[in-house]
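Colleague: For reference, the structure I am asking about is given below.
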Amino acid sequence: MSSFQHKRARLNHAERERVRTQAERIDTNTMLLAKVVSFDPEKQQAKIKLQHMQYHPVPGSTKDEVQPVEYPELLEVPVMQTRGGKFAFTKPIKEGDGGMVIFASRSMDKYYKDDEIGEPESLRLHDLSDAVFVPGFEPEPRALAAYNNENFEIRNEAGDAKLEMSEAGKFALEGQSGEELFTILHELLGLLKSDKLIISYGSSAGSGHSLLFAGDYADLQDRLATIKLR
């Protein structure tokens, strides 16, 4: 074989290795953005539509050419929940909700299906079959309005109904009407502590007497003030 043929063979081998490596990189999934198509609250699994295109080699092309192709919808994808210490924080998962899908570097069947540690049932790596959906990562145009960067909140997206807690341990519970529960209770106790029973008959008619538990109402109002945020 001539030196030219040797050189050409080496180039062909290097080119094949480069194309093979490129294909492996394209097929390696780590994290992709996605939206919910549907959700099963009983199994906490979702049908997911990936918000990316994948690239496949152009059929019959002799060059390193690829074309964009839609990913298939992912079925029965586990949806990550906020859990710990026998507690869980749940929220509705609705069609169109955004988030990210992470792909396990090994088959997660043994853990997810059987809650066991064991030899993987498959040698697949970063496969679409080992996806977990993490809800909450939305596009910039859907950023939350009226974001509170001072206190913790459990709220609706509009921010007009919320449970708010400060670092100092004070609370507010506000509805869409703008009314706040702890303020209403504080005002009610204020009315009770200052209310009087007016005598309407007999020699004492017209005189007023404080309610029997007025002092207790005052104490309750003071105690409520220690946890009332505003």
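Colleague: Filter the stretch 121-161 down to the residues that are surrounded by 15 or more Cβ atoms within 10 Å (Cβ to Cβ), closer than 26 Å to residue 40 by Cα and not assigned by TED's automatic domain parsing to the domain that holds residue 108 and list them by number.
Modeller: Passing the criteria: only 155.
Colleague: Go through the residues of the stretch 155-164 one by one and say whether even a single one is touching a residue at least 60 places away in the same chain (Cβ under 8 Å) and not aromatic (Phe, Trp, Tyr).
Modeller: yes
Colleague: When only residues in the stretch 108-120 that are assigned to a loop (DSSP other than H, G, I, E, B) and touching a residue at least 12 places away in the same chain (Cβ under 8 Å) count, which is surrounded by the most Cβ atoms within 10 Å (Cβ to Cβ)?
Modeller: The extreme case among them is 108.
The values are calculated or read from the model by the stated rules, or taken from the named source; none is laboratory data. Just so we're clear, the structure is a prediction, and the values are computed from it rather than from any experiment. Counting neighbours? That spans all protein chains shown, and the Cβs are built from the backbone with ideal geometry, glycine included.
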